[in-house]
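Everything below concerns the one structure shown next.
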Amino acid sequence: MSGMKTNAGNFFEDFTVGQVIEHATPRTVTEGDRALYGAIYPTRFAVPSSAEFAASVGLAPHPVEELIGFHIAFGKTVPDVSLNAVANLGYAECRFHLPVVPGDTLRTRSEVIGLKQNSHGRTGVVWVRSTATNQRGEVAIDWARWVMVHKRDASSPAPETVVPALADAVAPADLVVPAGLDLTSYDTAAAGSPHTFDDYEVGERIDHVDGVTLTDAEHMMATRLWQNTAKVHFSTEARPDGHRLVYGGHVISLARALSFNGLANAQLVAAINAGAHVAPAFAGDTVYAWSEVLDKATVDAPGVGALRLRLVATKGRDESMTLRGDDEKYAPGVLLDLDYWAFVPR
Amino acid sequence: MSGMKTNAGNFFEDFTVGQVIEHATPRTVTEGDRALYGAIYPTRFAVPSSAEFAASVGLAPHPVEELIGFHIAFGKTVPDVSLNAVANLGYAECRFHLPVVPGDTLRTRSEVIGLKQNSHGRTGVVWVRSTATNQRGEVAIDWARWVMVHKRDASSPAPETVVPALADAVAPADLVVPAGLDLTSYDTAAAGSPHTFDDYEVGERIDHVDGVTLTDAEHMMATRLWQNTAKVHFSTEARPDGHRLVYGGHVISLARALSFNGLANAQLVAAINAGAHVAPAFAGDTVYAWSEVLDKATVDAPGVGALRLRLVATKGRDESMTLRGDDEKYAPGVLLDLDYWAFVPR
Amino acid sequence: MSGMKTNAGNFFEDFTVGQVIEHATPRTVTEGDRALYGAIYPTRFAVPSSAEFAASVGLAPHPVEELIGFHIAFGKTVPDVSLNAVANLGYAECRFHLPVVPGDTLRTRSEVIGLKQNSHGRTGVVWVRSTATNQRGEVAIDWARWVMVHKRDASSPAPETVVPALADAVAPADLVVPAGLDLTSYDTAAAGSPHTFDDYEVGERIDHVDGVTLTDAEHMMATRLWQNTAKVHFSTEARPDGHRLVYGGHVISLARALSFNGLANAQLVAAINAGAHVAPAFAGDTVYAWSEVLDKATVDAPGVGALRLRLVATKGRDESMTLRGDDEKYAPGVLLDLDYWAFVPR
């Protein structure tokens, strides 16, 4: 009787296109989350750091980092979507619709938007579009994601293949500027860098210089904070090598925080276009980051521009900032390749 | 002169039946405590996780986990009661009278309710009843506890033996339902499990499946948060083996959080009937948990039932869920045997 | 192009006497900071622990530990003043002008008040006076500090030498008592010690007994919380020995928290007269502390006295409490020698 009470997660056969999953458990964001985020990641972006600075650009009450909302919203999907995942294959079309502020309660629902069984019949790819809403029912964040999950039974029949069309990147016109955001009297000295929209050129690469060595205590604390329950992050008995795998989102947040040194004015994450967790990370690894400016766009808000950035996390510093080798494979040491839009003053 | 300023703790001779000790230091609970608790333990119970969910069952403002209150209240007694303890022998009759919410300030007082010198004269057992009150003087939590403490001088005379009568378990009629609690429109999907009062049977055992490997940084942070000052938790120089002993309450909270997977609707801890810290735990140990349903009761509140549960933490997973061997001794690997009541929807 | 966007820090040639630097980034203090401070340091001082206790001595809203404000304010100066430092040489004339409470936003500015090139021409000493203000523009904390920094070019000319006059200690008349502070009905039982102003004698030394073993996760979390960006604290690749150097302020806060056991009523840090980080500390070191009463003074506030204290942190316990050997050098094991004023009940 006991086995029936615990969550075994969903297998490929459990998903159908159009299915909607209401994920447990709603989660209220607090000032404690902001403090812990700042203890775990070396973040210094002025908007989430300072209520006064945020108010000076039209954001009050004081928003937390967009990635706090993202990790919480994402974590809710793990028990239902990816507990039996072989691999997280990708993200797309992630948009931040509303700033998340302390006191907000987030819940997440997902709709299955695609299915494709792999040819050998043992696994399949599931696409979901997930939506996080706040206590007023407003959409805070939404995104698409696809994962490869195990089948319960290799001999069960394959579903009709449905592969959703997903954009390579969120179009600038689809970026959602927070209501009230006004960067016309933005204080670059307080923000920590004089470099604004016009100072960045498409193709430019920025080595963020600083490195952080990972510890197990820190990545586990972060991952728990988002109520992400994947066993491999917490137990030395979950993988044959005895290592606790660092949650991919931990590397995203660490790299984003490191990018302050060179991109201090990329204040707000507006969208995530794509993301690949290229290699696993473990305690003891020293993580560095570099960025490439992929695109620039103006948006319809006073003093606001958008930079499309590639954020690359590496194990060990790569001053050459090489993403891929001549064979088109990711260069050794690359951990993360994230493509996102950020709002900057212009 | 210097030695006189520091706290040497009380020895067996310092206690008398009827003595009342006002413990230092009062402590205000904050949203920071909730966040840290969620970073250190993989808790996902919907009531402490979500202010919206809590309000939907009649609990506003938003209570923190009952064990946050317990650890804080308990930690205050350590400098006066158990700094010179040989062993923590047991708990009984612990009841949670009021939800603790951010902004509440807890203080603890203890009354000595029993004394029994051991036959060899070097130690004795002290029973105390401790009461934590909030800033309005209302009782939040009370409990009995007994510890074996050193005598200062083996030749000092033994006090009259007084052994208090303590209940094996809190009677269902004595459980205190939080004012306003109404589980009649409880949202099981949001809470993360469809299993409610009627789905659990006395004698049923539930393997909570997941494991967490302990780190020194995390257990020290938790233990400090509760202002528990016992040296063995913090210093590699306090024990001959050079290990930092994990605070027993850390194992309680970890096991309780792990029990979400199978007992997600055991939302509120109502009482602790008994608890034994069977074996020490250290960094590197991977902790698992299983539960046994010991009893069921209805309580006088809408939609509310009570489950009496045995929560067992083990070092390494024991899928057989064996508490004791044929010799009636605890099975190898058992770390904690905790007997408590939880409120669940029915 | 990329190198130009990142902060290379200032070299000796970049400083001129009278120069004012507005440091990035403003930072709002929250209840999350209080909780994290209590998780990382074994602090139990009743004022920052309890809003009720603080209000009972005239301090409402509930202030955080003075050192939270100090570390935040100090951390802001690192990218501009000491990123290229060879050594932190000293502090002086640090005063706490206002309690810092959750919701306050701190920013820091520094004025260069002294310069002295070293004779070999490769480095120089820079003196700055730094001032942290809150969102109302009120001075919260100010202090002087001097650091030895690298020159960019050993052949560049030396500036005129200016060595500021700094007081050996803040004069009692210059200590700022928080508005409203009244210790006449101070509750020593709640505070955890009966020892008040009259119980301490100049020259008295107090061994604080307890030890804490350092971990990398904890010191990195603390240091990040203050947005201190010095690489050596975070990366195993920043020093030849592969160790992460513990931020000196971490040792200050740890020693201050340990001093509770013997100085529980030294509730508020009023001023820091001087501080020397005598030796580096690393994960695995077990830190102890002892104090010496250097001076006593009455101040113009009801029930308030001031103790001038030397707080010494050591690696390993030194029950002899030896600061210096016969050769006048610091004794082996001394990590920190801090001279400060604290307000106590009298």
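The values are calculated or read from the model by the stated rules, or taken from the named source; none is laboratory data. For clarity, every value in this text was computed on a predicted model and none was experimentally measured. Here the Cβ is made from the backbone with ideal geometry for all residues, glycine too, and neighbour counts use every protein chain on show.
See the values below:
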read-out	value
Positions within segment A:233-267 being outside any loop (DSSP other than H, G, I, E, B), within 11 Å of another protein chain (Cβ to nearest Cβ) and closer than 17 Å to A:S82 by Cα, in sequence order	A:H233
So C:G18, is it in contact (Cβ under 8 Å) with a residue 12 or more places away in the chain, closer than 30 Å to C:P164 by Cα and either within 8 Å of chain A (Cβ to nearest Cβ) or part of a loop (DSSP other than H, G, I, E, B) (or both)	yes
Single match in C:H71, C:H23 (criterion: within 9 Å of chain A (Cβ to nearest Cβ) and of a type outside the set (D, E))	C:H23
Inter-residue pairs, beta-carbon under 7 Å, first not assigned by TED's automatic domain parsing to the domain that holds C:Y247 and in segment C:76-87, second assigned to a helix (DSSP H, G or I) and among the β-branched types (V, I, T), 6+ apart	none
Output for segment B:242-265, where each listed residue is among the hydrophobic types (A, V, I, L, M, F, W, C) and within 16 Å of the chain's Cα centre (by Cα)	B:V246, B:V251, B:I252, B:L254, B:A255, B:A257, B:L258
Among residues of segment A:281-312, those that are part of a strand (DSSP E or B) and touching a residue at least 40 places away in the same chain (Cβ under 8 Å), counted	21
Among the residues listed as C:V202, C:V147, C:V126, the single one being among the β-branched types (V, I, T), outside the structural domain of C:A24 (by TED's automatic domain parsing) and farther than 30 Å from A:A51 by Cβ	C:V202
Any hit, segment B:136-154, residues being at pLDDT below 95, of a type in the set (G, A, S) and loosely packed, with under 14 Cβ neighbours inside 10 Å	yes
Enumeration of residues in segment B:234-247 that are buried (at least 24 other Cβ atoms within 10 Å of the Cβ) and in contact with a Leu (Cβ under 8 Å, 6 or more places away or on another chain)	B:V246
Criterion: facing chain C (nearest Cβ under 7 Å), of a type in the set (D, E) and touching a helix residue (DSSP H, G or I) at 6+ places or on another chain (Cβ under 8 Å) - qualifying residue of A:D210, A:D187	A:D210
Subset of segment A:21-32 that is part of a loop (DSSP other than H, G, I, E, B) and among the hydroxyl-bearing types (S, T, Y) - its residue that is farthest from A:R107 (Cα to Cα)	A:T30
Selection count, segment A:1-15, where residues are assigned to a loop (DSSP other than H, G, I, E, B) and either touching a helix residue (DSSP H, G or I) at 6+ places or on another chain (Cβ under 7 Å) or among the β-branched types (V, I, T) (or both)	4
Flag for C:A173 being surrounded by fewer than 21 Cβ atoms within 10 Å (Cβ to Cβ) and either under 26 Å from C:L98 (Cα atoms) or without any contact (Cβ under 8 Å) to a residue 40 or more places away in the chain (or both)	yes
Matching option when the condition is touching a strand residue (DSSP E or B) at 6+ places or on another chain (Cβ under 8 Å), closer than 26 Å to A:V101 by Cα and of a type in the set (S, T, Y), among B:S49, B:S56	B:S49
Complete set of residues in segment A:288-330 that are farther than 29 Å from A:D198 by Cα, of a type outside the set (F, W, Y) and buried (at least 17 other Cβ atoms within 10 Å of the Cβ)	A:K315
Looking only at segment B:278-332, and only at residues there that are among the polar types (S, T, N, Q) and farther than 25 Å from B:H233 by Cα, the one that is farthest from the other protein chains (Cβ to nearest Cβ)	B:T298
Residue count for segment B:21-49, restricted to those that are touching a residue at least 60 places away in the same chain (Cβ under 8 Å) and either within 29 Å of C:A60 (Cα to Cα) or in the same structural domain as B:A257 (by TED's automatic domain parsing) (or both)	14
Helices (runs of 4 or more DSSP H) wholly inside segment A:36-98 containing at least 2 residues that are more than 30 Å from B:A217 (Cα to Cα) and of a type in the set (D, E)	none
Filtered residue count, segment A:65-117, keeping only those that are over 18 Å from the mean Cα position of the chain (by Cα), among the β-branched types (V, I, T) and within 22 Å of A:A154 (Cβ to Cβ)	2
Answer residue from segment C:155-166, given it is in contact (Cβ under 8 Å) with a residue 40 or more places away in the chain and exposed (fewer than 13 other Cβ atoms within 10 Å of the Cβ) and is farthest from C:L338 (Cα to Cα) among those	C:E160
Per-region count, segment B:221-232, residues at the interface with another protein chain (Cβ under 7 Å from one of its Cβ atoms) and assigned to a helix (DSSP H, G or I)	4
Number of the condition not met by C:G275 [criteria: (1) surrounded by fewer than 19 Cβ atoms within 10 Å (Cβ to Cβ); (2) in contact with a Gly (Cβ under 9 Å, 6 or more places away or on another chain); (3) in a strand (DSSP E or B)]	(1)
Leading residue by the ranking (surrounded by the fewest Cβ atoms within 10 Å (Cβ to Cβ)) among those in segment A:38-61 that are over 30 Å from A:T215 (Cα atoms) and more than 9 Å from chain C (Cβ to nearest Cβ)	A:P61
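Let's see how each residue does on (1) closer than 27 Å to B:V344 by Cα; (2) out of contact with any Lys or Arg (no Cβ under 8 Å at 6 or more places or on another chain):
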residue: B:D210; (1), (2): yes, no
residue: B:V232; (1), (2): no, no
residue: B:S235; (1), (2): no, no
residue: B:V246; (1), (2): no, yes
residue: B:V251; (1), (2): yes, yes
residue: B:A255; (1), (2): yes, yes
residue: B:S259; (1), (2): yes, yes
residue: B:A279; (1), (2): no, no
residue: B:Y288; (1), (2): yes, no
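The rows are residues; the columns are (1) farther than 16 Å from B:G192 by Cβ; (2) of a type outside the set (V, I, T); (3) in contact with a Lys or Arg (Cβ under 8 Å, 6 or more places away or on another chain).
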residue	(1), (2), (3)
A:M4	no, yes, no
A:T16	yes, no, no
A:Y37	yes, yes, no
A:Y41	yes, yes, yes
A:A46	yes, yes, no
A:P63	yes, yes, no
